[in-house]
Structure formats: C-alpha cells, structure tokens
Amino acid sequence: MRNQSGWTPAWRDVAPRDAYDIVIVGGGGHGLATAHYLAKMHGLTNVAVLEKGYIGSGNVGRNTTIIRSNYLLPGNTPFYEWSLKLWEGLEQDINYNAMVSQRGVLNLYHSDAQRDAYARRGNAMRIAGADAELLDRDAVRKMVPYLDFDNARFPVRGGLLQRRGGTVRHDAVAWGYARAADQRGVDIVQNCEVTGIRIEQGRVLGVETTRGFVAAKKVGLAAAGNSSRVAAMAGLRLPIESHVLQAFVSEGIKPLIDTVVTFGAGHFYISQSDKGGLVLGGDIDGYNSYAQRGNLGAVEHVLEEGMALMPMIGRLRVLRSWGGVMDMSMDGSPIIDRTPVAGLYLNAGWCYGGFKATPASGWCFAHTIATDEPHPFSAAYRLDRFATGRLIDEKGQGAQPNLQ
C-alpha cells in the first residue's frame, strides 16, 4: 500500500568501536545466534559481530533449509534435539517470521540391512526424546506416491520419518537473529574482514580488520568454511577441510511435495519451497575449495540421483544454484570449544549439519564463551578429541571428510 516505501533498517549499520568485551568473527547464522544468546541468556551486550561481507551472504543463505534431529550417537542426539526445540520457539523468541515449517523429514530405506539400521537410529532418537516412526513400503507410498516404487534400480522398501523435522527460510534466520541481537545492544558490523588475530603471552588481545584494530577480552571464531584460514591467524591448524556443497532450485510448480524426502541409496534430498520451486541437493564436490561455486560433475551426480528416485523431475528446468563452503571435520561432527589460546574460542566443523544446528550452536557457543565451560549439550564437541581418539563418527566414514 506504501509502494515499498517507509521501511526502516532491521538493524543498525555501525562502524566498529575500538574495544569490546567479546568479538564474534563471522556474521552467519551461528555467529549471530551466539551474539543473541550472549545478550539474552548471559546479559553480555558489549559484543560485536564482524562480517567480512553482508549479513546472509555466507552459508546461512546457501543451503537447502532443512531442520531435523534424526541422529544416532549420544554425542549428537541431545544437541540436535535441543536445536530442534529452539527452532520450534524461535519466531516467538526473536519476534521474526522465519517461516518455520514442520512438514516432516522422511529418510527412505532400500534394503533389509538399511531398515535395521534405521530402526536402531529411530530407537536412539526416541531414547533421546526425539520423535521417530519406522514406515513400511505401503505407508511411504501413501505419503509420497510420486516416487518410482515399481521400476526403480533401488526399490523403496520404507522409511524413517521424523514429523517434527522440516524447513525454515534460511536468510530470514540471519535477518531475525541480527535484528534481535541489535535490539539488545550488539553491534553488527558488515564489510569488516578480519585479517589477523593479535596474541600476547598466550592470550588474545583482539583482531586486526580492514577497518582497523578491534580490541577484545574474548574472541569467538564462527567462520564456517573459512574457519581454517581464520584459525591459522592464531597459529592453529584445524582438523578441517573446506569443500563446496551445491544446492538447486527448479522452476515453480503447483504443490507436489509436502515433506522433505531423502534418498537412501545415495545422497539426495528434496523439498518444495513456498514459492513452488523444488529445492534439492546432494554430495559435496570432491576437491577442496574456498570458492562459492561448484563444478558440473557434481551437478550431474546430484541430478542423476534425483532421477533415480523421482523420474518426473526430468521434465523440470533448474533455475538457480549456489555453492556454500562446508567446513568438513575428520569425523563428520562439529567443534565447539576453547582453544589453546586464552580468550579464543572455536565454533567450526559443521559439515552438512550447519543450518539445522544454528540455534543450539549459538546457545552452546554463547555458554562456552560466557562461562569458560562447555555446555552439557556440546560437551562431546571438543577440539582435542582428534588427539585423544574420542571421535563422534556418526556415519562411520573415518577421517574422510569428502565421505561424511
């Protein structure tokens, strides 16, 4: 009615001050959520979030928007279930429409052995307080009749369903957390790249940036795919490789898929956006890269898997694709911990799971920074587990980041 006039900025556009109590490096979902929970839960508002680009330009806006807590191992299940619970109350918490849609996540199985593995996973989920249902072939066919049940190379035998899983509008998550943190006094500083970390006598003093030195009593690193490069500024070599993960959106069609479906015989997942486009993705690109774009080989691989599951998508045109830079850890699980440098904290190694972990990641990282102690939900995500051997190898792929 106002011809799109009269809008005010959702958060202040500020220049960095000379000093803060806490500086968060990285203005993605995890960094912004950390700032929000530092202010809300711990009363710490002399905080700055430094983002090298603009808010929403990184991985938080470069994913397939899926949320779920269907994990197996004790180190993961309480953390991701807490994250899902935070998603369920997020819009009320930050007073922002993030379009949280609990439309369900259905993992298909294609063999008896895979059914047994999903039964075990579902039982672990229910022990951890998450919901899980093991469906047979008829129940899956009733739910998603458009899949290739009768002529597929890998016939669908059933699925593991988590009804509370679903999707969230990804960029709205960044905008909502940024606005909520800003309203509590946090400075959100865009176009401010960190170029160095100043350390004296084993303690962090602040960060060098393209807009000058910013002193800080504590510094939290939440730089996703660039974690290795940022941590190297402090002399840390992380057990992480960076790979590109591509996602795709088709042309808009009438409502077809009212849930999230994942292909059990490969690595392919698909849902439908509120605008009608099918949102799909698969494996990471096989080589290491910091570029936000992928290669055509991975495009072909993802679309082949989609065709094996759902041949009808072969008549659709892909309109858009994008690449996020994944910080792939050596056991497929993240790191939320202190570092050997006093006052320097690390949030990294999210692999494919970064977006769905956003609320709990911010919650637990804020706790670690504020108290200098790990939160019980993230206590297993220690940096030194790669030295002690206490790995959380959810997929059992070992030190093969490209397979996690």
What length, rounded to one decimal in nm, is gained on full extension from residue 304 through to residue 7, with 0.36 nm per residue of separation minus their alpha-carbon distance? 102.5 nm
Defining a contact as two alpha carbons under 8 Å apart and six or more residues distant in sequence, what relative contact order in percent does the chain show? 22
Accessible area of the stretch 170-271 belonging to carbon and sulfur atoms, whole % at 1.4 Å probe: 46
Gaussian network model of the chain, springs between alpha carbon atoms under 10 Å - residue of 255, 359, 16 with greatest fluctuation: 255
Each residue of the stretch 19-29 in turn: what ³J(HN,Hα) in whole Hz from Karplus with 6.51, -1.76, 1.60 and θ = phi - 60°, glycine and Pro shown as x? 8, 9, 5, 9, 10, 9, 8, x, x, x, x
Over the stretch 273-341, average the accessible area per residue using a 1.4 Å probe and give it in Å², no decimals. 48
Over the stretch 1-55, with neighbouring protein chains present, the accessible area per residue in Å² at probe 1.4 Å is 51
The stretch 1-74, accessible surface, carbon-and-sulfur percent (1.4 angstrom probe): 54
Hey, any idea what % of the stretch 343-404's accessible area is carbon plus sulfur with a 1.4 Å probe? 52
How far is helix 112-127 tilted off the main Cα axis of the chain, in degrees rounded to 10, range 0 to 90? 40
Can you list residues whose amide H is under 5 Å from residue 287's amide H, if they're 5+ apart or on another chain and H is modeled 1.01 Å from N? none
Need the full-extension length gain, residue 149 to residue 321, defined as separation in residues times 0.36 nm minus the C-alpha distance. One decimal, nm. 59.1 nm
Helix 170-183 sits at what angle to the longest principal axis of the chain, using alpha carbons and giving 0 to 90 degrees rounded to 10? 30
Normalising by the residue count of the stretch 32-177, find the relative contact order in percent from Cα pairs under 8 Å and 6+ residues apart. 35
Peptides 21-29, 204-212, 184-192 ordered by average Cβ neighbours within 10 Å, highest first: 21-29, 184-192, 204-212
Please list the three semi-axes, largest first and in whole Å, of the ellipsoid equivalent to the stretch 21-87, using sqrt of 5 times the eigenvalues of its alpha carbon gyration tensor. 24, 18, 9
Kirkwood Rh, Cα Rg: Rg to Rh for the stretch 245-404? 1.04
Can you compute 3J(HN,Hα) from phi for each residue in the stretch 369-377, using the Karplus curve 6.51 cos²θ - 1.76 cosθ + 1.60 with θ = phi - 60°, rounded to whole Hz and x for Gly and Pro? 5, 6, 10, 6, 10, x, 6, x, 6
Restricting to lysines 8 or more places apart or on different chains, can you count the pairs in the chain with Cα atoms under 30 Å from each other? 23
Full extension from residue 293 to residue 388: what is 0.36 nm times the residue separation minus their Cα-Cα distance, to one decimal in nm? 30.7 nm
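The values are calculated or read from the model by the stated rules, or taken from the named source; none is laboratory data. Worth saying up front: this structure is predicted, and the values here are computed from it rather than measured. FYI the Cβ positions are ideal-geometry reconstructions off the backbone, even for glycines, and counts take in every protein chain you see. What goes into the accessible areas is simple: the full protein's heavy atoms, side chains included, and nothing from ligands, DNA or RNA. Shrake-Rupley method; radii C 1.70, N 1.55, O 1.52, S 1.80 Å.
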